[in-house]
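K.L.:
Next up is a structure, given as C-alpha cells.
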Amino acid sequence: MKDAFWFKHDSNAARDPKILEMKSIYGFEGYGLFWHIVEYLREQEGYKLKISEKYGFKPLAGVIGFQDLDRLTEFINDCVNEFELLELKGGYLYSNSLINRMKKWETNKANGAKGGRPKNPNKTQIKPKRNQTDNPIETSDETESKPLRRDKIREEENREEGEETTGENLWETWWNLYDIKQDEMKAQVYWSKITQEEKQKAIAHTTEFIKVTPKPYRGNPVGYIQGKKWNNEIIDRRNPKEIQDVQPKRAPKKTHYSAQELDYYRKMGKTPPPLN
C-alpha cells in the first residue's frame with residue numbers, strides 16, 4: 001500500500017524527557033531500537049503487535065534483526081515499566097502515541113484530509129473563473145487569507161523554535177558553568193523536568209557557588225539538579241590559603257630613627273618626635 005510505512009514523527013522527539021531517560025541507559029542503540037519497534041507496530045493491524053506467551057519477543061527479534069533476545073526483552077520491559085514509552089496489555093505490545101497519531105490521520109483521510117469535508121465521489125467541483133466585474137474587496141480577502149495563514153503558522157513555528165533554543169541555551173550555560181563533566185545525559189533528563197524559573201535560579205546560584213566551591217566539593221551535577229540545591233545556602237569551601245586577604249597591609253611599627261633622619265633633625269634644630 002502507498003501509505004504502509006508512513007507515520008508522523010516529531011523533529012524534536014530526541015529531546016522528549018522519556019526518550020532522554022531511555023537514552024541515558026541504552027544510548028543511541030536503544031534510540032534506534034525503539035523507533036525500529038515503532039515502525040513495525042505501524043504495520044500491524046490496529047497498530048498493535050500480538051505477543052505469544054510461548055515465544056515472547058523472539059519473532060519480533062527475528063523481524064528487526066536483533067540477535068540478543070535477552071537484551072531485547074529487557075529493553076522492551078524497561079520501555080513499558082520504567083520509561084512508559086510502550087504498553088504491554090492483554091497480550092499486545094503497542095504505543096499509545098502512535099495509535100493516537102494514526103487515528104487522527106485516519107480521520108483526516110476519511111474526511112478528505114483537507115478542510116474536514118467528506119469527498120463527494122459523484123461530483124467534481126469546478127471553481128468558476130473570476131472576471132473583472134467581481135467584487136475587488138472579496139477577491140482581496142480570499143487572495144490574502146492564504147498568505148496570512150502561512151504567516152501565522154510560520155510565526156508559531158518560530159516561537160516554538162525560539163523557546164526550544166532558549167531551553168537548550170540555558171542547559172549549555174549551566175552545564176559549562178558547573179563544569180563537572182559527569183553523567184551529562186542523565187543530568188539533562190532531570191534538567192528537562194524543572195521549570196524555566198528554576199533553571200534561571202540554578203544558573204544564578206551556580207555563578208556564586210563555584211566562586212567559593214572548588215571542584216572536589218561541588219558533587220555530581222545530577223545530584224545538584226535532582227536535589228534542587230540552588231535553594232541551599234552557599235558555604236565557602238575554599239582552603240584558608242586560597243582566600244586572598246583584601247584588607248590593606250599595615251606598615252611595620254617604627255622603633256628607631258635612621259642616621260639620616262637624626263642628622264636632618266639636628267640640622268633643623270628640632271627634636272625628633274617620640275616613637276609610639
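K.L.:
May I ask you to verify whether L86 is modelled with pLDDT of 90 or more, under 30 Å from K109 (Cβ atoms) and in contact with a Ser or Thr (Cβ under 6 Å, 6 or more places away or on another chain)?
P.N.:
Yes: the conditions hold for L86.
K.L.:
Okay, moving on. State all residues of the stretch 80-92 that are exposed (fewer than 13 other Cβ atoms within 10 Å of the Cβ) and over 27 Å from the mean Cα position of the chain (by Cα); if no residue qualifies, say none.
P.N.:
Answer for the stretch 80-92, where residues must be exposed (fewer than 13 other Cβ atoms within 10 Å of the Cβ) and over 27 Å from the mean Cα position of the chain (by Cα): K89, G90, G91.
K.L.:
Let me ask another. Could you check, for the stretch 169-180, whether at least one of its residues is closer than 23 Å to D16 by Cα, surrounded by fewer than 18 Cβ atoms within 10 Å (Cβ to Cβ) and modelled with pLDDT under 85?
P.N.:
yes
K.L.:
How many residues, within the stretch 53-79, are touching a residue at least 12 places away in the same chain (Cβ under 8 Å) and either assigned to a helix (DSSP H, G or I) or loosely packed, with under 15 Cβ neighbours inside 10 Å (or both)?
P.N.:
Pass one, the stretch 53-79, residues touching a residue at least 12 places away in the same chain (Cβ under 8 Å): 53, 56-57, 60, 63-64, 66, 69, 72-73, 75-76, 78-79.
Going one step further and asking which of them are either assigned to a helix (DSSP H, G or I) or loosely packed, with under 15 Cβ neighbours inside 10 Å (or both), we end up with 53, 56, 60, 63-64, 69, 72-73, 75-76, 78-79.
Matching residues across the stretch 53-79 total 12.
K.L.:
Can I ask one more? Among the residues of the stretch 80-99, which ones are assigned to a helix (DSSP H, G or I) and more than 15 Å from V38 (Cα to Cα)?
P.N.:
The answer is N81, and nothing else.
K.L.:
Could I ask something else about it? Mind checking whether some residue in the stretch 79-92 is outside the structural domain of A187 (by TED's automatic domain parsing), at positive phi and hydroxyl-bearing (S, T, Y)?
P.N.:
No, the stretch 79-92 has no match at all.
K.L.:
May I ask you to verify whether G32 is surrounded by fewer than 16 Cβ atoms within 10 Å (Cβ to Cβ), modelled with pLDDT of 90 or more, within 27 Å of the chain's Cα centre (by Cα) and not in a loop (DSSP other than H, G, I, E, B)?
P.N.:
Numbers: surrounded by fewer than 16 Cβ atoms within 10 Å (Cβ to Cβ): yes; modelled with pLDDT of 90 or more: yes; within 27 Å of the chain's Cα centre (by Cα): yes; not in a loop (DSSP other than H, G, I, E, B): yes.
Spelling it out, G32 is indeed surrounded by fewer than 16 Cβ atoms within 10 Å (Cβ to Cβ), modelled with pLDDT of 90 or more, within 27 Å of the chain's Cα centre (by Cα) and not in a loop (DSSP other than H, G, I, E, B).
K.L.:
Only one residue in K249, K254, K199, K241 is at pLDDT below 90 and in a helix (DSSP H, G or I). Which one?
P.N.:
None of the other options fit; the residue is K241.
The values are calculated or read from the model by the stated rules, or taken from the named source; none is laboratory data. This structure is a prediction, so every number in the text was calculated from the model and none was measured. Methodologically, a virtual Cβ is constructed for each residue, glycine included, from the backbone with ideal geometry; neighbour enumeration extends over all protein chains shown.
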